[in-house]
Amino acid sequence: RRGWIEVVCGSMFSGKTEELIRRLNRATIARQRVEIFKPAIDTRYHEHDVVSHNANSIRSTPVALAQEILLMTSGCDVVGIDEAQFFDESLVEVCVQLANRGTRVIVAGLDMDYAGKPFGPVPALMAVAEYVTKVHAVCMCCGELASYSFRIAASQDKILLGETDSYEARCRPCFLEGMKEK
Ligand code: ADP
Ligand code: MG
């Protein structure tokens with residue numbers, strides 16, 4: 001069996017979770033054995049489910065450490081992982097091992113943090129993946145395609161779980177404009 005890694009990345013509200021759910025649903029229709037994981041810290045919308053901003057959802061297992069995924073996926077055809085940026089670097093090795101084992105791995109996550117810097121293990125995952133899809137949101141200032149997650153809230157923590165109250169999608173010029181005003 002042939003395994004591989006797919007990465008779906010982009011800013012907040014770009015449709016990463018939607019796209020992940022779409023791919024996993026199609027695998028389920030094809031009678032593949034599918035498991036979905038998310039980091040245990042991301043319980044914004046639901047303890048167990050992966051939920052998109054337009055309220056699509058799929059059953060998932062929250063895990064504290066990436067290694068737990070290896071133990072829970074023997075016999076799986078497809079493994080989905082959402083909010084990959086919240087895992088540590090060991091997620092990269094876990095995904096590589098899964099793919100080497102013959103599993104199709106679909107990872108979704110933020111490629112950049114609110115400062116526009118590469119986020120957690122996602123950049124390294126993009127490097128080792130066979131397929132990388134960058135999806136785009138709509139800039140909340142001008143309506144162009146957005147690649148950045150602009151933080152409206154004042155917090156400077158790298159991780160601030162939030163929704164439209166804390167973040168908005170912005171294109172490069174509008175993101176830079178906002179950063180200047182901070
Ligand atoms: P992500 O996982 O990348 O944060 P989701 O898949 O959860 O994105 O949500 C995508 C949905 O978010 C869109 O289909 C749309 O309904 C909604 N949405 C809200 N704000 C925006 C925006 N600025 N640009 C695009 N979609 C947005
Ligand atoms: Mg998401």
Quiz item: Which whole-number percent is the relative contact order of the chain (Cα, under 8 Å, 6+ apart)?
Solution: 30
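Tell me the net charge near ARG1. Cut-off is 11 Å between Cβ atoms, ARG1 excluded, with +1 for each Lys or Arg and -1 for each Asp or Glu. Mind dumping the intermediate values first?
On the way: positive: ARG2, ARG101, ARG104; negative: ASP77.
Overall, the nearby charge balance is +2.
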Practice problem: Rounded to the nearest Å, what's the spacing between the alpha carbon centres of region 26-100 and region 108-134? Just the number, please. | Solution: 16
Quiz item: For the charge dipole of the chain, defined by +1 on Lys and Arg C-beta atoms and -1 on Asp and Glu C-beta atoms about the Cα centroid, which residue among PRO123, GLY162, THR133 has the Cα displaced farthest towards the positive pole?
Solution: THR133
Quiz prompt | Of all DSSP beta bridges in region 1-150, antiparallel share, percent nearest 5 | solution = 20
Quiz item: Is any residue of region 69-111 close enough, with backbone N under 15 Å, to a label point placed 7 angstrom from the Cα of ALA30 along the Cα-Cβ axis, and if so, which?
Solution: 76-80, 102-107
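Give me the net charge for the shell around GLU144: Cβ to Cβ below 10 angstrom, other residues only, Lys and Arg +1, Asp and Glu -1.
On the way: positive: ARG170, ARG172; negative: none.
Summing Lys and Arg as +1 and Asp and Glu as -1 gives +2.
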Quiz item: Long-range amide H contacts for ASP113: which residues qualify at under 5 Å (H placed 1.01 Å from N, peptide plane, sequence gap of 5 or more or a different chain)?
Solution: PHE119
Quiz prompt | Sparse-neighbour loop sites [trypsin sites (Lys or Arg not before Pro); region 132-176; at most 16 other C-beta within 10 Å; DSSP] | solution = LYS158
Quiz item: Using modelled backbone amide H atoms (1.01 Å from N, in-plane), which distant-in-sequence or interchain residues come within less than 5 Å of ILE36's amide H?
Solution: THR61, GLY80
Self-check item: In order through region 79-95: 3J(HN,Hα) via Karplus (6.51 cos²θ - 1.76 cosθ + 1.60), integer Hz, x for Gly, Pro
Solution: 10, x, 10, 10, 6, 4, 4, 7, 7, 7, 4, 5, 4, 4, 5, 4, 5
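Between ASP88 and HIS48, what FRET efficiency follows from the Cβ-Cβ distance if R0 is 25 Å, with the result rounded to 0.05? Each step should come with its number before you reach the end.
Details: r = 22 Å, r/R0 = 0.87.
That pair, ASP88 with HIS48, gives E of 0.70.
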Quiz prompt | 3J(HN,Hα) from dihedral phi, region 167-173, Karplus parametrisation 6.51/-1.76/1.60, rounded to Hz, x for glycine, proline | solution = 9, 9, 6, 9, 7, 4, x
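Please list 106-114, 139-147 highest first by mean number of surrounding beta-carbon atoms within 10 Å per residue. Intermediate values should be presented prior to the final figure.
On the way: 106-114: 24.9, 139-147: 17.2.
Ranked from most to least packed, the peptides come out as 106-114, 139-147.
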Quiz item: Which loop-located GluC sites (Glu not before Pro) does region 1-72 contain, where loop means any DSSP state but H, G, I, E or B and the Cβ has at most 13 other Cβ atoms within 10 Å?
Solution: GLU47
Exercise. Please report LEU70, LEU20 as a ranked list, fewest other C-beta atoms within 10 angstrom at the top and most at the bottom.
Key: LEU70, LEU20
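Any read-out appearing in this document is the output of simple, stated calculations on the displayed coordinates, not a laboratory observation. These numbers come from a predicted model, not from an experiment. A quick note on method: Cβ atoms are made from the backbone with ideal geometry, for glycine too, and the neighbour counts reach across all protein chains shown.
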